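The structure appears right after this line, and notes come after that.
The values are calculated or read from the model by the stated rules, or taken from the named source; none is laboratory data. Since we're looking at a predicted model, the values are computed, not measured. For the accessible areas, the whole protein counts, side chains as well, though only heavy atoms, and no ligand, DNA or RNA atoms are used. Shrake-Rupley method; radii C 1.70, N 1.55, O 1.52, S 1.80 Å.
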Amino acid sequence: MKPLGQRVLIKRDAQETKTKGGIYLPEKAQDRQCYATVIALGTGDLDKDGNRKEFEVKPGDRVLTTQYGGVDVTVDGEKMVLVHEGDILAIID
């Protein structure tokens, strides 16, 4: 899948299914994970001069995203999220 514009394909980190005390959490009680890995970048938007804007992230970067941003998609059987670059809050070093 090749995203278009300033969109980024990410794969969210696995969610915690058990508390520190050993209690298993039902899916609805689990927090939506905000940490993810960048998989692919879009084509980039054009600036006012017609030049392509560069992305601040690159494939392989671990990032922090907004909690409910993006569109859930399945690519080759794996759940991923298509987000706008603006939904990425930080790159985690």
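The set of residues from region 63-91 being among the β-branched types (Val, Ile, Thr) and either part of a strand (DSSP E or B) or open to solvent by 70 Å² or more (accessible area, probe 1.4 Å) (or both) comprises VAL63, THR65, VAL71, VAL73, THR74, VAL75, VAL81, VAL83, ILE88, ILE91. In this entry, ASP49 is excluded by the filter for residues that are acidic (Asp, Glu) and either modelled with pLDDT under 90 or assigned to a strand (DSSP E or B) (or both).
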